[in-house]
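To start, the structure under review is shown below, and the notes come after it.
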Amino acid sequence: MTTFDEQMMRRALQEAADDFVIADGAIGRILDEARDTASRDDGPRIRAFIQRHGGGRSTVFAAAACVALLAVAVPLFNSEGPAKPVNALGAEKKYVHGVALPASSNPEFTSIQGTGSAGTVATTGSSFTPTSGHDTLSVTTGVDVAKESSLRVEEVGTIHLTVGGKHFQSTLLQLTDFATTDGGFVASTQSHMGTKATHSYSTGSIILQVPEHNFTMLVDQVRHAGVATSVQTSATDVTGQYVDLRARIAASEVSRAQYLKIMTRTNSIGGILAVQDQLNSIQSQIEQMQAQLNLLNTETTYATLTVAVSESGHQTTTPTTKRTGVDKAWHDSLHGFAAGVEWLIRIAGPLLFALLLLTVLLVLGRWTWRATERRRGGIG
Amino acid sequence: MSDAVDVDELRTWLEDGYASSVRTAYLILGNRPDAEDAVQESFLRAWKFRDSLATGSSFKPWLYRVVVNTCNSKLRKEIPHRNRRRPDDDLDDVAMIDDPIGRVTLSHDVISALKDLPTHLRVVVVLRYYADLSEHDIAIVIGRQPGTVKSRLNEARRRLAEHPALQSEAPRPITVRKESKS
């Protein structure tokens, strides 16, 4: 067994400790401290002779815990009522579509037939052929109740209009006037002028954006600008998302203020860096949420109406919304497949013709060659 | 009135145990200011909770327990989070005063080896070989079973014996030798 000389260890420690000269007055200071603590009502508090730096980290952690608690609690207290069904984006969806009934005498309250419920996203609107030359279509957004200023509703719509060939240009101008009159603007426009020579029809689309409270009026104006073959509108209540974002921003700003306060009290570099990390993270979150809030503000301030205009006799196509992500990839793939099949079909005709021609030539050549051979044999 | 009497009692404690306590803390902590601070804190804490010392219990281990706990607390909470103190306060720089060279070298090497021990082993070595407490009393001080103390002492001795500072040169005051288990 390995061991060592204990006596030597004792002597070495003794000698090392003897180098420690007891400071004069050390005992006196402790006694003074004891008298001070005895005289205080709140019990003895020990004052250190040296400055402590390590305590700052405990303070930082304690403050961080408070901040985290606050950040969780504030949105909870700010949330409104029981949870409502939400979609993947956290917004409550309200959508109305279906066959419209004749307009009610009270435009503020119209009945709705068709499918649709909260939390669902509609796929198509209804389309119909106008009968008896009079427009029987009425449109309800289903969110008239959402017109209160406290509500945030995102409204979009699509209308297909058919107009006479002579009125195509004037209709586009009229639509532009509708938007500007209602306090909005034209976001984009696109048109194709057809000619009799090419037997093509004029088509076009125009995207109008108007203040959300004028959306219903705009829809009404637009559908009377021509023959509306289909009308589709949807409204999304994003009030919950809006309130939640504001609460989270407020909580994060409180957290940021707390961390800034902590920063002023932190002495150690490690503590400062830790607080700085937290501050950077919170600042980034605030900016992201602010951007989302701004987007929601814009989307709920202006409603968007897409109007597809086509000349009478032209088969209208439903303008599709811009696809993104997997949906876009899937449709691109389908389109590519269809294009490939189309190409095969397209080249199949010429190929078949070439094949037939080749076969005929071969048959003719063989027949000619045999006739020639036969003639030579006869001669020979 | 009662406080004045108690402060006199504290004075007695300090006169009897301050020097040994502060040197013990010095060996455990490795620097003078922390040792003084720890012992001041320990005495005031012990004095504040003097009623918790059970009648008939030994005062010395109890006081050492307070000192060791305070040192452990400092090693765990304060010292790792701040810059090291001035080098001349460290045990690494045990004063090279007019002592004979052998004595200084011995102290320096032992302290160097001691500082490389983990805290729980350093504490038992200091209590055993400097404070001269029995294994039973050390068990009281650190709040463990005597068997744990024995085991820690064995581990500390093994590590010290194998430490390069205590092996490199010969002759050394501390020698490693083989012996049968006693």
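A few notes on this one:
- Verdict on A:Val156 being surrounded by fewer than 20 Cβ atoms within 10 Å (Cβ to Cβ) and within 28 Å of A:Asn294 (Cα to Cα): yes
- Look at segment B:140-156: where a residue is in contact (Cβ under 8 Å) with a residue 24 or more places away in the chain and a partner is aromatic (Phe, Trp, Tyr) and buried (at least 16 other Cβ atoms within 10 Å of the Cβ), sitting 6+ places away or on another chain with Cβ atoms under 7 Å, you get B:Val141/B:Tyr64.
- Within segment A:278-304, being closer than 30 Å to A:Thr171 by Cα and assigned to a helix (DSSP H, G or I) holds for A:Thr298, A:Glu299, A:Thr300, A:Thr301.
- Out of A:Val243, A:Val275, A:Val341, A:Val307, sole residue that is aliphatic (A, V, I, L, M), over 30 Å from A:Ile206 (Cα atoms) and either in contact with a Phe, Trp or Tyr (Cβ under 7 Å, 6 or more places away or on another chain) or not in a helix (DSSP H, G or I) (or both): A:Val275
- Near pairs, Cβ below 7 angstrom, 6+ apart or cross-chain, from segment A:9-32 (farther than 16 Å from B:Asp16 by Cα) to any residue that is of a type in the set (S, T, N, Q): A:Ala12/B:Ser107; A:Glu15/B:Ser107; A:Ala16/B:Ser107
A short reminder: the numbers here are calculations on the coordinates, not readings from a lab. These numbers come from a predicted model, not from an experiment. For neighbour counting, all protein chains shown are included, and Cβ atoms are generated from backbone atoms with ideal geometry for every residue, glycine included.
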